[in-house]
Amino acid sequence: MTITIALAYLLILGYFVIERSLRQGTQALSLNRGIADAGSSKVLWLSGAMSLLLVIAAPTLNAYSMGYLRNARVGWIGLAVMASGLALRYWAAKTLGKFYTRTLQISEEQALINQPPYNVIRHPGYLGTLLLEVGAGLAVTNWIVLLAAVIIGMTSKAYRINAEENMLEEGFGEQFQRYSDNTWKLLPFIY
């Protein structure tokens with residue numbers, strides 16, 4: 001196992017610690033999924049588990065030269081991408097505060113958040129997670145893991161974003177429409 005792989009595992013551990021520490025209150029910790037969730041919480045959980053298993057399998061794949069990139073710089077770039085994704089995820093969750101939940105739900109007192117980073121990207125937490133997953137694929141220096149992380153990550157995030165935007169439009173109506181007209185879903189200038 002290389003140093004970049006070991007550091008990638010530490011950053012992934014950091015992700016789980018941050019996720020747990022930022023959840024505030026029973027609603028934030030609840031696993032109760034309403035109709036608006038549309039199974040998207042389960043999709044995210046499964047995609048995260050698959051990505052994690054691929055990252056864990058990377059040293060074995062590399063040992064058998066299956067997808068191994070053999071470039072230490074790629075691993076270090078991956079760690080930088082992972083760290084930036086973790087920072088963005090933390091910032092997004094901290095900004096949402098008590099409205100940062102595991103499943104899709106809107107509480108009675110909730111307002112539409114449009115302060116940074118939500119004033120540019122509607123789903124910066126998902127972008128942070130996607131960067132973490134893609135960065136992990138790079139950090140383990142394996143193109144098979146990287147490709148799978150991109151496909152699994154984008155597919156699951158697109159499904160979740162669709163469900164979440166339907167919920168937000170229903171909950172906030174015209175206010176959400178105005179907000180979405182002035183922000184990007186996930187990737188600035190692209191999507």
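The values are calculated or read from the model by the stated rules, or taken from the named source; none is laboratory data. These numbers were taken from a predicted model, which means no experiment stands behind them. When we count neighbours, we look across all protein chains shown, and the Cβ atoms used for this are built from the backbone with ideal geometry, even at glycine. Remember, those area values only see protein heavy atoms, side chains included, never the ligands or the DNA or RNA. Shrake-Rupley method; radii C 1.70, N 1.55, O 1.52, S 1.80 Å.
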All conditions in (1) more than 16 Å from the chain's Cα centre (by Cα); (2) crowded, with 19+ Cβ neighbours inside 10 Å; (3) among the polar types (S, T, N, Q) are true of SER47 except (1)
Expected output for segment 169-191 (first residue more than 24 Å from GLU108 (Cα to Cα), partner assigned to a helix (DSSP H, G or I) and open to solvent by 50 Å² or more (accessible area, probe 1.4 Å), Cβ below 9 Å, 6+ apart or cross-chain) is LEU186/MET154
Expected output for segment 108-125 (first residue part of a loop (DSSP other than H, G, I, E, B), partner among the polar types (S, T, N, Q), Cβ below 6 Å, 6+ apart or cross-chain) is LEU112/GLN175; ARG122/THR183
Do the conditions hold for PHE176, that is, is it assigned to a helix (DSSP H, G or I), among the aromatic types (Phe, Trp, Tyr) and either in contact with a helix residue (DSSP H, G or I) (Cβ under 9 Å, 6 or more places away or on another chain) or open to solvent by 20 Å² or more (accessible area, probe 1.4 Å) (or both)?
yes
Verdict on TRP184 being out of contact with any helix residue (DSSP H, G or I) (no Cβ under 9 Å at 6 or more places or on another chain) and surrounded by 14 or more Cβ atoms within 10 Å (Cβ to Cβ)
yes
Checked pairs for segment 52-71, first assigned to a loop (DSSP other than H, G, I, E, B), second of a type in the set (Phe, Trp, Tyr) and modelled with pLDDT of 95 or more, C-beta under 9 Å and 6 or more apart or across chains, list as GLY67/TRP143; LEU69/TRP143
Pairs returned, first residue in segment 7-18 that is part of a helix (DSSP H, G or I), second residue that is open to solvent by 60 Å² or more (accessible area, probe 1.4 Å) and of a type in the set (Ser, Thr, Tyr), beta-carbon separation under 8 angstrom, 6 or more apart or interchain, are ILE18/TYR90
| query | Any residue in segment 65-82 that is open to solvent by less than 70 Å² (accessible area, probe 1.4 Å), within 15 Å of PHE16 (Cα to Cα) and among the hydrophobic types (A, V, I, L, M, F, W, C)? | reply | yes
Reported set for segment 1-25 where residues are open to solvent by 60 Å² or more (accessible area, probe 1.4 Å) and basic (Lys, Arg) is ARG20
Taking segment 96-129 and the residues there that are within 22 Å of GLY173 (Cα to Cα), among the polar types (S, T, N, Q) and at pLDDT 85 or above, the one that is least open to solvent (accessible area, probe 1.4 Å) would be ASN119
